[in-house]
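Asks: Dropping the structure in here first, questions after.
The values are calculated or read from the model by the stated rules, or taken from the named source; none is laboratory data. Nothing here was measured: the structure is a model prediction, and the numbers come from that model. As a convention, Cβ positions derive from the backbone with ideal geometry for all residues, glycine included, and neighbour counts pool all protein chains shown.
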């Protein structure tokens, strides 16, 4: 799609986009260990009909990705998008704001996961898949408010850059309407954006090539040459990786060669390792969503290992960890959020976005330690209520705040 096509307001009637079931419903079934075969069969019948239902094709793509068949899912998504770039999802009664989301083709981390944020909402969500450098125009559906939902990544960089002019001239209110601010969330750019802001800490991150890492391993040179003021240990991860894929801690330069043997990527992120263990030796990492500047907790994972992810932290197996998370959620506003109120204000000011989320902790100096910031982080309500009865009210509050922001801006 050309940028000029996006910058024009279309007054001619536009046909309704095909319906899509979205991500959240399928993800909840998978997360709960349910059977998606009946849904798959019904969608296949629609997708292979004549003419094919492209909304069903898009949903099949989502199911394939949820099932771990990423490449097959993306191939089917490409086929669907070649036929149609607009899709519609009705929430609740459908009687509410009409939201238009500009989203990117790609995997489940490519765009803001609006399906979850709109849980319990009444309204219409149109997804419009946009791409840089294409000539085809796409009629823009009528809407009350738009959101730039394209996430930060190398794959989306040219698209975000191309959308700058269109977002600035959009004829309706638009959330996250500054593509350069979304770009600034990149792991190697965000630390500079937050540098010297009150109560915040985010370790510097370098983008480094495979050849540069090899040279560092061979020379055995101190890290201060490329990261002034820092030394080993370091953490390495491939660019655009998520959920700890390829993330390792290296205690000295002699371990770099082995890391490169295990990972064939060409570009990596290098950061100094920050030991953020608490007095009990455990590591605690929170996911916090900032909605119009206000912080809302999504989860807290507790682990004996520095690389903390909720699914590998053993939360389901440890009642004491869940009790601590429940206490954190119950006291978040009066406790953690109040303690770091200046830092959260600085974080919001640093990026200037209406919505984004961070993975964070408290460092040993009492600062808010930021690991990652993104508009495409997953925040969800899929955890089983028998194990996590305290989570549903917290997530409803987060979702309600996002939906209230939409309603207020749409007016």
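Asks: Hey, can you tell me all the residues within region 351-363 that are surrounded by fewer than 20 Cβ atoms within 10 Å (Cβ to Cβ) and closer than 19 Å to residue 150 by Cα?
Replies: Within region 351-363, just 352 meets the criteria.
Asks: Please identify the pairs in which a residue from region 162-180 that is within 17 Å of residue 408 (Cβ to Cβ) has its Cβ atom under 8 Å from the Cβ atom of a residue that is loosely packed, with under 15 Cβ neighbours inside 10 Å, counting only partners at least 6 apart or on another chain.
Replies: Filtered contacts from region 162-180: 177/168.
Asks: Right, next: Residue by residue through region 276-313, note down the ones that are within 25 Å of residue 382 (Cβ to Cβ), surrounded by 14 or more Cβ atoms within 10 Å (Cβ to Cβ) and modelled with pLDDT under 95.
Replies: Within region 276-313, 307, 308, 309, 310, 313 qualify.
Asks: On to the next question. Given the conditions (1) part of a loop (DSSP other than H, G, I, E, B); (2) surrounded by fewer than 22 Cβ atoms within 10 Å (Cβ to Cβ); (3) in contact with a helix residue (DSSP H, G or I) (Cβ under 9 Å, 6 or more places away or on another chain), which single one is not true for residue 152?
Replies: All conditions pass for residue 152, except number (2).
Asks: Next up: Among the residues of region 205-217, write down those that are at pLDDT below 90 and either surrounded by 14 or more Cβ atoms within 10 Å (Cβ to Cβ) or under 30 Å from the mean Cα position of the chain (by Cα) (or both).
Replies: Scanning region 205-217 gives 216, 217.
Asks: Among the helices (runs of 4 or more DSSP H) confined wholly to region 11-100, which include 1 or more residues that are within 25 Å of residue 155 (Cα to Cα) and under 20 Å from the mean Cα position of the chain (by Cα)?
Replies: Where helices (runs of 4 or more DSSP H) fall fully within region 11-100 and carry at least 1 residues being within 25 Å of residue 155 (Cα to Cα) and under 20 Å from the mean Cα position of the chain (by Cα), they are 24-31, 54-66, 70-83.
Asks: Another question, if that's okay. Name every residue in region 334-355 that is touching a helix residue (DSSP H, G or I) at 6+ places or on another chain (Cβ under 8 Å) and in contact (Cβ under 8 Å) with a residue 40 or more places away in the chain, in order of residue number.
Replies: 336, 337, 344, 346, 347, 350, 351, 352, 353, 354, 355
Asks: Going by what's in this entry, would residue 146 be described as touching a helix residue (DSSP H, G or I) at 6+ places or on another chain (Cβ under 9 Å) and crowded, with 22+ Cβ neighbours inside 10 Å?
Replies: Yes.
Asks: Moving to a separate point now. Count, please, the residues in region 62-90 that happen to be in contact with a strand residue (DSSP E or B) (Cβ under 8 Å, 6 or more places away or on another chain) and either buried (at least 17 other Cβ atoms within 10 Å of the Cβ) or without any contact (Cβ under 8 Å) to a residue 60 or more places away in the chain (or both).
Replies: 6
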